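Engineer: Structure provided below as structure tokens; questions to follow.
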Amino acid sequence: MNASPSGLARLLNPIRKLGDVGLFLLTAISRMRFTALQVAETLRQVYFAGVRSLVIIVTGGFFVGLVLTLQTFDALSRFGATEAVSTILALSLFRELGPVLTTLLFAGRAGTSITAEIGLMRATEQLDALDLMAIDPMERIVQPRLIAGIIAVPALVLIFNVCAILGGLIYAVFLMGSDPITFWGNMQTIVELGRDFGHGMLKAVAFGLIAGWLAVYFGWTARPTSEGVALATTQTVIATAISILVLNFVLSAFML
Amino acid sequence: MNESSPPIRLRNVTVRLGGRVILEDMSLDIPAGKVTAVMGPSGAGKTTVMRLITGQLKPDTGEVWLGDQRVDQMNSKTLNRLRRGIGVLLQNGALFTDLTCFDNVALPLREHTDLPEQLIRRLVLLKLQAVGLRGAAELYPRELSGGMNRRVAMARAIALDPSVLLYDEPFAGLDPISLGVSLRLIRSITRALHTTSVVITHDVAEVRKLADFSCIIADRRLVASGSPDTLNNSEHPLVRQFLDGQPDGPVPFHYPAPELADQLLESERRA
């Protein structure tokens, strides 16, 4: 059966989009320049994307740790193995939950804000103005935000993990009366720095690149209308969430 | 007239955008060191002319010359060098909202020169003084009116002392005072910097006060050019409709549609 031209176009559209996203990243990387102005702008973007995401990361981390320990503690208590709660908490956080949940929260808080900012810059001709001043908007706008994602997400993952362990500690030790020495001791004995913590941080760097990349891409390609910018921010969250969940599975399978 | 202010020439330019012909085999000469107004109805291709001059758009056929340099054949590196000599005032100013007025004006100086910060500060204050907004240097664009934002954008456009200045709809939406200020600034900047100034507008009354030379683009081509007085005496129907603001004429009032009676009868038949 022959596919109609419009059907074929619809079929090819996602492939074209993927190619477009890839080319965008290659262009951004090929035009990278590290001048003092660029470094200062990148640090400013790390502040906007990272520091301003702290409230949601700290709160999210704390409650994820709390609820994870609550459920694990309940399940383990049926087998009399509650001393393993800190190990399960640390392993699930370092390997999976920390990088994945932090990036999802980052995409919702900072990714959407980056997309909307760049989309509005296009709508208000600010990107055109840069181009007309012989300043490469890719270099001036895209590069600092892309690098900010790579720096901010791993740092936020660390903070998320610390807050989650704190939440777990409060529930297990202070509320359920577990022995704090067993809590910390088991965690230190079982968790390996390179394999568990290191792999999680590698994931965080990869996820940071993807979150920053998709946020700037959808902002850059947003239609310069209010509807276009709204659609672009939604696309950022959806595309980041799907990419992170799929990539997390692939990376976990390779890193086991 | 400054030797460095170049004339601009468009030769047999055709531009198609999204399958639509915007300009067709159009030629235009913009004299050096003068204020030229490019006028025409909305959607006639005035901004396209500006985008051709800055090299943001390449014509499908034809040539674009800035002095002795052919803009439409430049690669991005040469184009960037050329753009440092062109100041552009976009329709809404396009200031960076996260930077103060001072930093907005300082941006091209910081990017393209190695001047010490102290000298940049002096230059920026002088540019802001020229547009009457030295006192607003530390304010953000959101704290200023639309007219003031455009004046800051004007200061930014002249930051590198360009030889060509392009103004895209500089009078749109301005109150009479801001409009008067803008007119005076365009005139005084052109005189002081000896620039070739191009004003894209459809504001007929202001063009009479400002321009040394004006032209009207309509129906994909140049329909008239000359001094504002010459244009004023033109009998060309398109020129007359535009200058007199007639609602109907060669540029029709109605968007193309089937006959009203046919469409009404069709609706009745469907009901």
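The numbers here are math on the coordinates, done by the rules we state, and not lab data. These numbers come from a predicted model, not from an experiment. When we count neighbours, we look across all protein chains shown, and the Cβ atoms used for this are built from the backbone with ideal geometry, even at glycine.
Engineer: Starting from the Cα-Cα distance between A:V55 and A:L26, subtract it from 0.36 nm times their residue separation and give me the gain in nm to one decimal.
Structural biologist: 7.1 nm
Engineer: Further, regarding this structure: Exposure proxy check: A:W220, A:W213, B:W65 ranked by fewest other beta carbons within 10 Å?
Structural biologist: Details: A:W220 20, A:W213 25, B:W65 17.
Fewest-to-most ranking of A:W220, A:W213, B:W65: B:W65, A:W220, A:W213.
Engineer: Still on this structure, I have one more. With a point put 7 Å past each Cα toward its Cβ, work out how far B:D248 is from B:A192 in nm, to one decimal.
Structural biologist: Inter-label distance under the simple model: 4.9 nm.
Engineer: Ok, one more. Using all C-alpha to C-alpha distances in chain A, build P(r) with 10 Å bins and read off the rounded percent in each one.
Structural biologist: All Cα pairs, binned at 10 Å, distribute as 7, 26, 29, 19, 12, 6, 1 percent.
Engineer: Please list, short to long, the whole-number percent of alpha-carbon pairs of the protein assembly as shown in consecutive 10 angstrom bins beginning at zero.
Structural biologist: 4, 15, 21, 19, 16, 11, 8, 4, 2, 0, 0
Engineer: Would you mind telling me which residue in A:F218, A:F79, A:F62 has the biggest mean-square fluctuation in a Gaussian network model of chain A, where springs connect alpha carbons within a distance under 10 angstrom?
Structural biologist: Largest GNM mean-square fluctuation: A:F79.
Engineer: If you don't mind, another one. When a footprinting reagent is the concern and you count Cβ atoms within 10 Å, what order do B:H236, B:H254 take, fewest first? Write down the numbers at each step before the final one.
Structural biologist: Details: B:H236 15, B:H254 7.
By the 10 Å Cβ count, ascending: B:H254, B:H236.
Engineer: Now for a separate question. Note down the Stokes-Einstein diffusion coefficient of chain B in µm²/s, whole number, using a Kirkwood radius over alpha carbon pairs, 4 °C, and 1.567 mPa s. Don't jump to the answer; show the numbers that get you there.
Structural biologist: Values: Rh = 20.0 Å.
Result for D is 65 µm²/s.
Engineer: Now, a different point. What ranking of B:V152, A:V246, A:V100 emerges when the number of other C-beta atoms within 10 Å of each C-beta is taken as an exposure proxy, fewest first?
Structural biologist: So the ranking, lowest neighbour count to highest, is A:V246, A:V100, B:V152.
Engineer: Next up: In nm, what is the difference between 0.36 nm times the number of residues separating A:S226 and A:V39 and their Cα-Cα distance? Intermediate values should be presented prior to the final figure.
Structural biologist: Numbers: separation 187, 0.36 × 187 = 67.32 nm, distance 3.12 nm.
Contour length minus the Cα-Cα distance gives 64.2 nm.
Engineer: Continuing with this model, one more query. For helix A:112-123, report the angle its Cα long axis makes with the longest principal axis of the Cα atoms of chain A; keep it between 0 and 90° and round to the nearest 10°.
Structural biologist: For helix A:112-123, the angle is close to 10 degrees.
Engineer: Another question about this same structure. Round to the nearest 10 and give me the degree value, 0 to 90, for the angle of helix B:260-270's Cα axis relative to the longest principal axis of chain B.
Structural biologist: That works out to roughly 70 degrees.
Engineer: Given an 8 Å cut-off on Cα distances and at least 6 residues of separation, report the relative contact order of chain A as a percent.
Structural biologist: On the way: 321 pairs, mean separation 82.8, N = 256.
Relative CO of chain A lands at 32 percent.
Engineer: Using 0.36 nm per residue of separation minus the Cα-Cα distance, give me the extension gain between B:K58 and B:Q263 in nm, one decimal.
Structural biologist: Values: separation 205, 0.36 × 205 = 73.80 nm, distance 4.14 nm.
Stretched out fully, the B:K58 to B:Q263 stretch lengthens by 69.7 nm.
Engineer: Assuming R0 = 51 Å, can you tell me the calculated FRET efficiency for the pair A:W184 and A:I242, based on Cβ-Cβ distance, to the nearest 0.05? Before the final figure, lay out each step's value.
Structural biologist: Numbers: r = 37 Å, r/R0 = 0.72.
Taking R0 as 51 Å, the efficiency between A:W184 and A:I242 is 0.85.
Engineer: Which lysines have a Cα lying under 23 Å from the Cα of B:K77, excluding residues fewer than 8 positions away in the same chain?
Structural biologist: B:K58
Engineer: For segment A:1-121, what does the alpha-carbon gyration tensor say about shape, rounded, prolate or oblate, given a ≥ b ≥ c as the root eigenvalues, a/c under 1.5 as rounded, and a/b over b/c as prolate?
Structural biologist: Oblate is the answer for segment A:1-121, as a/c is 1.5 or above yet b/c matches or exceeds a/b.
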